[in-house]
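Enquirer: Structure in structure tokens, see below.
The values are calculated or read from the model by the stated rules, or taken from the named source; none is laboratory data. In this text the structure is predicted, and so the values were computed from the model without any measurement. Cβ atoms come from the backbone with ideal geometry, glycine included; neighbour counts cover every protein chain shown.
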Amino acid sequence: MSANLTLTDLPPRIVEKIEVGEEHWLWTGWANDAGYPYVYMDGRDQPAYRVVYELLVGPIPVGLELDHLCVTPMCVWPEHMEPVTHAENQRRIALRQIACRRVGHDWTDPRNVRTRPSGRRYCAECDRISLRARYAALTNRNAA
């Protein structure tokens with residue numbers, strides 16, 4: 001990817017929604033509930049990072065999606081994007097996860113993470129809590 005990507009070739013209505021900083025090109029326009037930027041283009045709302053990437057770099061290859069290497073959803077800088085398969089993108093997202101989504105148990109401690117045969121990780125502490133609750137409920141039902 002070219003190191004000389006500039007905003008000059010973008011439509012002014014897109015440029016005015018980008019705040020250029022030293023580390024990111026942050027989108028200041030509308031974002032969806034998940035925090036990803038959107039822009040109205042070609043008759044529909046589209047992810048702004050995809051639009052900017054395609055206008056400055058070129059089409060995203062069929063079957064690939066953009067991975068935010070900077071892990072900043074509002075960033076639209078094409079140099080922070082890499083076209084990858086959906087499976088690779090999901091694998092990278094999982095590896096970046098450092099806490100369970102349910103309660104926030106620390107996943108930097110390997111004792112708090114388990115891996116299914118499919119390779120998907122889950123919270124060992126939440127699993128222990130759930131098993132204890134099921135056992136207690138079963139014990140109380142049998143005692144009654």
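Enquirer: Please verify whether segment 71-82 includes one or more residues that are in a loop (DSSP other than H, G, I, E, B), of a type in the set (Val, Ile, Thr) and modelled with pLDDT under 95.
Expert: yes
For every residue, the table says whether it meets (1) basic (Lys, Arg); (2) farther than 29 Å from residue 30 by Cβ.
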| position | (1), (2) |
| --- | --- |
| 73 | no, no |
| 80 | no, no |
| 85 | no, no |
| 89 | no, no |
| 93 | no, no |
| 106 | no, yes |
| 109 | no, yes |
| 120 | yes, yes |
| 131 | no, yes |
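Enquirer: Looking at (1) part of a loop (DSSP other than H, G, I, E, B); (2) within 19 Å of the chain's Cα centre (by Cα), find the lone condition where residue 58 falls short.
Expert: Every condition holds for residue 58 apart from (2).
Enquirer: Among the residues of segment 14-28, what is the count of those that are charged (D, E, K, R), part of a loop (DSSP other than H, G, I, E, B) and loosely packed, with under 13 Cβ neighbours inside 10 Å?
Expert: As a first pass, look at segment 14-28 and keep what is charged (D, E, K, R): 16-17, 19, 22-23.
Imposing the further condition that a residue be part of a loop (DSSP other than H, G, I, E, B) reduces the set to 16-17, 22-23.
Retained after the next criterion (residues that are loosely packed, with under 13 Cβ neighbours inside 10 Å): 16, 22-23.
Of the residues in segment 14-28, 3 are charged (D, E, K, R), part of a loop (DSSP other than H, G, I, E, B) and loosely packed, with under 13 Cβ neighbours inside 10 Å.
Enquirer: Does residue 128 satisfy being assigned to a strand (DSSP E or B) and either in contact with a strand residue (DSSP E or B) (Cβ under 8 Å, 6 or more places away or on another chain) or outside the structural domain of residue 69 (by TED's automatic domain parsing) (or both)? Steps first, answer last, please.
Expert: Values: assigned to a strand (DSSP E or B): no; either in contact with a strand residue (DSSP E or B) (Cβ under 8 Å, 6 or more places away or on another chain) or outside the structural domain of residue 69 (by TED's automatic domain parsing) (or both): yes.
Taking the combined requirement at face value, the residue does not satisfy it.
Enquirer: Across segment 114-144, which residue is farthest from residue 89 (Cα to Cα) among those that are more than 37 Å from the chain's Cα centre (by Cα) and polar (S, T, N, Q)?
Expert: That would be 142.
Enquirer: So residue 100 clears everything in (1) at pLDDT 95 or above; (2) surrounded by 16 or more Cβ atoms within 10 Å (Cβ to Cβ); (3) over 28 Å from residue 17 (Cα atoms) except one condition, right? Which one?
Expert: That leaves (1) as the condition not met.
Enquirer: Return the residue satisfying two criteria in turn: it lies in segment 103-144 and is closer than 24 Å to residue 69 by Cα and modelled with pLDDT under 85, and of such residues it is surrounded by the fewest Cβ atoms within 10 Å (Cβ to Cβ).
Expert: 119
Enquirer: Restricting attention to segment 29-45, report how many residues are assigned to a loop (DSSP other than H, G, I, E, B), under 17 Å from residue 68 (Cα atoms) and not small (Gly, Ala, Ser). Full working, then the answer.
Expert: Filtering segment 29-45 for residues assigned to a loop (DSSP other than H, G, I, E, B) gives 29-30, 32-36, 42-43.
Within this subset, residues satisfying the condition of being under 17 Å from residue 68 (Cα atoms) are 32, 34-36.
From what's left, not small (Gly, Ala, Ser): 32, 36.
Selection size over segment 29-45: 2.
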